[in-house]
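A.B. asks: One structure coming up, written as structure tokens, with questions to follow.
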Amino acid sequence: MTTQDLGTQPSAGDGPPPDDVLRAEHVSKRFGAVTALRDVNLHLARGEVLALLGDNGAGKSTLMKILCGFQQPDTGRIVVNGQELTLKSVEHARSLGIDIVYQDLALIPGLSVYHNMFLNREKVRWPLLNNRAMRRIAREHLDEMGVNIPSVQVSVAQLSGGQRQAIAVARAVFENAKILLLDEPLAAMGVKEGAMILDLVQDLKRRGDVSVIIIAHNYGQVFEICDRVNLLQQGEITFDKPSRETSVEELTDLVVEEYRQALRERHGLA
Amino acid sequence: MSDTVESGSKVLGPAGADGDGGRGNGGRQVVVRSLAVFGRQREATVLVVAVALLLYFGITHTSTFVTQTNIVDLLSELMAPIAIIAIGEVMLLICGEIDLSVGFIYTLAPFVTLFAITDYHLPSLVAVILGLLSGVVVGWVNGFITVTLGVPSFITTIGTGFVLLGVALVVSHAEPSPTPPIALGVGKWLGVPGNPWQWAPFVWAVVLVAIFHVVLTRTRWGLYTISAGGNLLGAREAGINVGRIKYGNFMISGFMGALVGLQTAFYTNNVDPTAGGYTPMFYAVIAAVIGGTAMLGGSGTILGAFLGAMVLATLTDGFDILGISANILPVIFGGAILVAMIANVQLARLRGAGRSI
């Protein structure tokens with residue numbers, strides 16, 4: 001009853017529509033006896049913001065690791081820009097424009113914002129760094145993306161969690177990412193901080209050339225900015241609707257129903 | 001927790017949209033702002049301490065402290081070795097490692113040079129270069145065991161340090177030898193008593209500190225060193241070859257140890273198997289730490305370590321002049337490192353609490 005027919009999605013017809021930048025088709029992944037993902041179908045249109053929701057252990061991170069090239073699926077296909085391929089590594093995925101952004105993993109706390117923006121892609125006037133050029137470009141890029149920080153010269157250690165997340169996203173876009181996977185971008189973040197990230201994603205959406213998958217378990221926060229919602233439950237995508245056709249209440253009901261189901265099963269076994 | 005590596009008169013770039021308030025309120029604001037900028041520099045505290053100590057001894061004991069002999073003692077004999085070894089330790093500490101063997105490289109390198117001259121009759125310049133290279137090789141071995149074989153550098157360098165000490169004792173039969181006179185033509189460039197060569201160790205220290213300050217703050221090598229210690233995973237994710245950085249910094253540290261060992265051998269005209277050891281290494285680490293280098297990696301400054309070495313040397317020299325027993329010095333140094341670390345940790349905590357959101 002909770003499973004939506006994926007075939008009703010307009011973009012999931014025969015043959016990939018040209019506008020899908022990323023598709024996962026019939027993807028399954030097992031770890032020993034545990035099935036982490038079961039015949040998952042996911043698609044992402046150009047410029048779309050997709051929320052991938054699900055409880056802990058539903059398979060969100062496994063799916064993300066597959067999409068960013070960190071792991072390979074046991075079965076199923078990955079299609080990037082209409083082309084079926086194997087994502088061999090994170091670097092390979094990145095070279096195709098797929099980048100995953102973690103909140104704390106990405107940045108170097110002891111370096112300034114602009115050095116972080118250019119990490120391993122520094123502008124050099126041998127033998128020295130061309131700091132002036134990097135500062136200017138970083139400033140311009142952050143301004144253009146609407147990221148508000150007092151100065152690109154402060155070290156990342158002095159920034160708040162939200163600012164860091166914003167810098168990490170900006171850096172990924174700066175490095176030409178076209179498909180951004182944001183892993184729990186609002187975790188442990190205050191309302192004001194979260195709003196900053198949501199604004200940033202909104203801005204990306206306006207630019208139109210970057211597609212975003214936001215992984216979250218607090219769907220109330222991401223609901224307003226996403227175009228579509230997928231719900232992952234026990235390794236399966238059980239729900240796929242444009243966000244204007246659903247509501248936070250409907251999603252909550254689904255999750256609560258799943259929880260009740262699990263309880264019933266456990267009691268049945270006991 | 002840490003400041004930018006950018007040292008900074010121009011800390012505020014083009015103002016952010018964050019309404020940072022009125023500009024151009026005249027001189028007072030400039031003063032306030034420069035004081036704020038100064039206070040934010042990691043070197044600020046240790047600079048104040050170093051200058052205060054120099055002034056104190058210079059003013060209260062002018063006739064003994066401000067003499068050429070004493071200044072050479074202070075700068076070339078006491079400070080330069082600490083400052084030079086500290087360069088290597090700062091680079092290593094920042095990238096998350098430490099070299100406890102550097103004092104034994106100091107011990108062994110002069111023997112390499114000595115035997116190259118006496119046993120193999122090599123030209124003294126070649127012998128000196130071989131001595132320096134031996135330090136680089138030991139640094140490479142430290143890197144290999146730490147990075148490639150995965151042993152924590154704390155353990156690696158205790159092990160290699162003991163090995164080096166043993167080798168030095170064996171090859172010297174635990175007896176010191178005079179520096180071969182034939183080598184003095186080269187040796188004077190590293191520093192020997194008498195004008196002007198007695199200034200050489202200090203000049204080496206200043207030049208190397210200047211070079212490595214630039215390396216740390218203005219080159220990729222410096223950025224990657226900070227990255228390796230600040231966020232190892234993040235640095236790897238960005239595609240930085242972290243292992244190469246660590247190897248290189250171990251080799252820099254080895255070079256510095258060998259250089260100081262050779263300088264001391266020439267300066268004292270004595271190749272001594274009991275020279276070096278843990279003391280110069282620990283002094284260098286203390287200089288690094290009170291200069292603002294984080295023991296856990298990710299931040300630090302070469303200039304700070306230079307000033308830290310100045311503080312330690314001034315205390316040692318000043319106490320000597322005051323006629324106070326040198327036995328109390330370890331208490332002072334131990335206290336200094338504790339105060340510096342407590343201040344570091346607590347200030348970081350305060351700053352963290354002060355930052356809202």
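A.B. asks: Quickly run through the stretch A:131-152 and pick out the residues that are touching a residue at least 12 places away in the same chain (Cβ under 8 Å), out of contact with any helix residue (DSSP H, G or I) (no Cβ under 7 Å at 6 or more places or on another chain) and within 11 Å of chain B (Cβ to nearest Cβ).
C.D. replies: Of everything in the stretch A:131-152, those that are touching a residue at least 12 places away in the same chain (Cβ under 8 Å), out of contact with any helix residue (DSSP H, G or I) (no Cβ under 7 Å at 6 or more places or on another chain) and within 11 Å of chain B (Cβ to nearest Cβ) turn out to be A:131, A:139, A:148, A:151.
A.B. asks: Give, as residue ranges, the helices (runs of 4 or more DSSP H) completely inside the stretch A:175-270 that count at least 1 residues that are under 22 Å from residue A:38 (Cβ atoms).
C.D. replies: Result: A:219-223, A:248-269.
A.B. asks: Something else about it: For the stretch B:192-224, give me each residue that is surrounded by fewer than 18 Cβ atoms within 10 Å (Cβ to Cβ), away from chain A (no Cβ under 14 Å) and among the aliphatic types (A, V, I, L, M).
C.D. replies: Across the stretch B:192-224, the qualifying residues are B:203, B:206, B:207.
A.B. asks: When you scan the stretch A:91-106, how many residues do you find that are within 14 Å of another protein chain (Cβ to nearest Cβ), assigned to a loop (DSSP other than H, G, I, E, B) and within 19 Å of residue A:212 (Cβ to Cβ)?
C.D. replies: Matching residues across the stretch A:91-106 total 4.
A.B. asks: I'd like to verify a number: residues in the stretch A:102-113 that are of a type outside the set (Ser, Thr, Tyr), modelled with pLDDT under 90 and surrounded by fewer than 24 Cβ atoms within 10 Å (Cβ to Cβ), how many?
C.D. replies: 3
A.B. asks: Looking at A:82, A:97, which one is closer than 19 Å to residue A:177 by Cβ and out of contact with any Asp or Glu (no Cβ under 8 Å at 6 or more places or on another chain)?
C.D. replies: Testing whether each residue is closer than 19 Å to residue A:177 by Cβ and out of contact with any Asp or Glu (no Cβ under 8 Å at 6 or more places or on another chain) leaves just A:97.
Per-residue answers, yes or no, for (1) under 25 Å from residue A:93 (Cβ atoms); (2) within 14 Å of chain B (Cβ to nearest Cβ); (3) of a type in the set (Asp, Glu):
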{"position": "A:163", "(1), (2), (3)": "no, yes, no"}
{"position": "A:176", "(1), (2), (3)": "yes, no, no"}
{"position": "A:182", "(1), (2), (3)": "yes, no, no"}
{"position": "A:191", "(1), (2), (3)": "no, yes, no"}
{"position": "A:199", "(1), (2), (3)": "no, yes, yes"}
{"position": "A:213", "(1), (2), (3)": "yes, no, no"}
{"position": "A:232", "(1), (2), (3)": "yes, no, no"}
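A.B. asks: Evaluate the following for residue B:113: is it over 17 Å from the mean Cα position of the chain (by Cα), within 21 Å of residue B:205 (Cβ to Cβ) and touching a residue at least 60 places away in the same chain (Cβ under 8 Å)?
C.D. replies: yes
A.B. asks: On to the next question. Which members of the stretch A:192-236 meet the condition of being of a type in the set (Gly, Ala, Ser) and surrounded by fewer than 16 Cβ atoms within 10 Å (Cβ to Cβ)?
C.D. replies: If the condition is that a residue be of a type in the set (Gly, Ala, Ser) and surrounded by fewer than 16 Cβ atoms within 10 Å (Cβ to Cβ), then A:195, A:208, A:220 are the ones that fit.
A.B. asks: Hey, residue B:142 hits all of (1) buried (at least 16 other Cβ atoms within 10 Å of the Cβ); (2) out of contact with any Gly (no Cβ under 8 Å at 6 or more places or on another chain) but one; which does it fall short on?
C.D. replies: All conditions pass for residue B:142, except number (2).
A.B. asks: Condition test on residue A:28, is it more than 11 Å from every other protein chain (Cβ to nearest Cβ) and in a strand (DSSP E or B)?
C.D. replies: Yes: the conditions hold for residue A:28.
A.B. asks: Scan the stretch B:230-265 for residues that are of a type in the set (Lys, Arg) and modelled with pLDDT under 95 and jot them down.
C.D. replies: If the condition is that a residue be of a type in the set (Lys, Arg) and modelled with pLDDT under 95, then B:236 is the only one that fits.
A.B. asks: Give B:298, B:234, B:304 a once-over and let me know the one that is part of a loop (DSSP other than H, G, I, E, B) and either surrounded by 21 or more Cβ atoms within 10 Å (Cβ to Cβ) or within 12 Å of chain A (Cβ to nearest Cβ) (or both).
C.D. replies: Exactly one of B:298, B:234, B:304 is part of a loop (DSSP other than H, G, I, E, B) and either surrounded by 21 or more Cβ atoms within 10 Å (Cβ to Cβ) or within 12 Å of chain A (Cβ to nearest Cβ) (or both), namely B:298.
A.B. asks: Mind checking which residues of the stretch A:114-154 are surrounded by 20 or more Cβ atoms within 10 Å (Cβ to Cβ) and among the basic types (Lys, Arg)?
C.D. replies: Scanning the stretch A:114-154 gives A:135, A:139.
A.B. asks: Assuming residue A:72 fulfils every condition listed in (1) more than 23 Å from residue B:239 (Cα to Cα); (2) more than 14 Å from chain B (Cβ to nearest Cβ) apart from one, which condition is it?
C.D. replies: The number of the failed condition is (1).
A.B. asks: Next question. For the stretch B:56-83, how many residues meet the condition of being more than 20 Å from residue B:269 (Cα to Cα) and buried (at least 19 other Cβ atoms within 10 Å of the Cβ)?
C.D. replies: Residues meeting the conditions: 3.
A.B. asks: Do we find a residue being within 14 Å of another protein chain (Cβ to nearest Cβ), modelled with pLDDT under 95, over 20 Å from residue B:343 (Cβ atoms) and surrounded by fewer than 16 Cβ atoms within 10 Å (Cβ to Cβ) anywhere in the stretch B:33-46?
C.D. replies: Within the stretch B:33-46 (the criterion being within 14 Å of another protein chain (Cβ to nearest Cβ), modelled with pLDDT under 95, over 20 Å from residue B:343 (Cβ atoms) and surrounded by fewer than 16 Cβ atoms within 10 Å (Cβ to Cβ)), the answer is yes, since at least one residue qualifies.
A.B. asks: How many residues does the stretch A:107-130 hold that are assigned to a loop (DSSP other than H, G, I, E, B), of a type in the set (D, E, K, R) and more than 7 Å from chain B (Cβ to nearest Cβ)?
C.D. replies: Result for the stretch A:107-130: 2.
A.B. asks: Could you tell me which numbered condition residue A:81 fails, if it satisfies all but one of (1) exposed (fewer than 15 other Cβ atoms within 10 Å of the Cβ); (2) at positive phi?
C.D. replies: (1)
A.B. asks: If you go through the stretch A:71-83 one residue at a time, do you hit one that is in contact with a Lys or Arg (Cβ under 7 Å, 6 or more places away or on another chain) and outside any loop (DSSP other than H, G, I, E, B)?
C.D. replies: Yes; the residues of the stretch A:71-83 include at least one that is in contact with a Lys or Arg (Cβ under 7 Å, 6 or more places away or on another chain) and outside any loop (DSSP other than H, G, I, E, B).
A.B. asks: Let me ask something additional. For residues that are part of a helix (DSSP H, G or I), out of contact with any Gly (no Cβ under 8 Å at 6 or more places or on another chain) and not aliphatic (A, V, I, L, M), tally how many sit in the stretch B:145-179.
C.D. replies: 10
A.B. asks: Right, here's the next one. Given the structure, is residue B:245 touching a Phe, Trp or Tyr at 6+ places or on another chain (Cβ under 7 Å), under 24 Å from residue B:85 (Cβ atoms), within 14 Å of chain A (Cβ to nearest Cβ) and not acidic (Asp, Glu)?
C.D. replies: yes
A.B. asks: Related question: Could you please let me know if residue A:88 is touching a Leu at 6+ places or on another chain (Cβ under 8 Å), away from chain B (no Cβ under 14 Å) and at negative phi?
C.D. replies: No, not satisfied.
A.B. asks: Moving to a separate point now. Can you pull out the residues in the stretch B:47-89 that are small (Gly, Ala, Ser) and at pLDDT 95 or above?
C.D. replies: Within the stretch B:47-89, B:76, B:80, B:83, B:86, B:88 qualify.
The values are calculated or read from the model by the stated rules, or taken from the named source; none is laboratory data. Remember, predicted model here, so these are calculated numbers, not experimental data. Backbone-built Cβ (ideal geometry, glycine too); neighbour counts: all protein chains shown.
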